[in-house]
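Have a look at the structure below, then the notes.
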Amino acid sequence: MDYTVKEKDILLHEPDLDLDETLDCGQAFRWKKIPSDYLCTYTGHFLNDELTVSQTGKGDFIFHNTSESDLTGKWADYFDLGTDYSELKRQFSEDETLSKACAFAGGIRLLRQNSWECLISFIISQNNNIPRIKGIIDRLCEHYGNRFPEAEELAAETPDSLAYLRSGFRAKYLCDAASRTADGTTNLADIAAMPIDEARAALKAIKGVGPKVAECVLLFGMHRTEAFPVDVWIKRVLAQYYPDGFPAFAAENAGIAQQYLFHYIRNLS
C-alpha cells in the first residue's frame, strides 16, 4: 500500500481504484458524491465510521482528516487494498469479454462491507432503484441519530413503526432479519464461514431473502468472492457471451468478475 501522511490527510496511490466506479456502482448505498475542486469527492460511512475521500487524478487519492491507524486498521480493509486487482484483471483477461470489461471499468474494487449492514441494505434493494434505496437507508440512519442501527434496536420495531421509511413490503422483511439476527437464529459470522451452498440456504431462511439478495450479502458483506449475483444485466451477459457457462478459471473470484461485467454491459446498452 503506497501512501504518505500529510498533516491530517492521507495521500494514497492505488492505480486499480476509481471512486466513481467503486462507490456508485450499486454495491454500497451510504456514499454521496459532493461538490469539490478535485476530480471527484465522496462522503460516506462504514457502519458509523465516516469518511470523506477525494480522487485527484488517475490512481491518486486524499483520505481527508484520517489518521494512519484508521487507514491501516479500517479503510484499507474496507477498500480491499490488500488484494492485487492488477493480477485479477490479468487472469480475467484470458477471456475476451472479461478483458473488455476490465479495460472499460478497471477501477472497480469489491468493498468489504459489514454483513449486518449489507443484509439490511440488500433487503431494501429488492425491486428498487439506487436513489430510492439510498433514501430509505438515509431515513433509517437519521431515525437512529445518524447511525446504522444494531440488530437488537431494529428488532424492537414493527412494520407499522417503520412506516417512516416508506419501504413498503420490505418493512416486514427488515423486522424478520433483525429479529433473527438479534436472537441468534441467524448468526452472520457463522454463515460467512459455511460452505457456500450452506451459507446460501441459511441466508434464504430469512423472509424476503431470495437467491439474488443472498448472493449480494455473501459477496459484498462476507467477501465470498465465489458468490455471483444475477440480475437482468448479468442474465443478458450470460445469455449473450456465455451460453455454455461462465469460465471455470474465474469461478473462485466470479463475484469480482461479475462487477466488471455488470458495469460494462450496463453502460454498453
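The values are calculated or read from the model by the stated rules, or taken from the named source; none is laboratory data. Here the structure is a predicted model, which means the values were calculated and not measured. Please note: Cβ atoms are built from the backbone with ideal geometry, for glycine as well, and neighbour counts cover all protein chains shown.
Among the residues of the stretch 174-230, none is identified as of a type in the set (S, T, Y) and at positive phi. Filtering the stretch 83-111 to residues that are farther than 12 Å from Q259 by Cβ, in contact (Cβ under 8 Å) with a residue 40 or more places away in the chain and in a helix (DSSP H, G or I) leaves S86, Q91, T97, K100. Considering the stretch 147-236, the qualifying helices (runs of 4 or more DSSP H), each wholly inside and each with 3 or more residues that are small (G, A, S) and not assigned by TED's automatic domain parsing to the domain that holds G44, run over 170-182, 188-193, 196-204.
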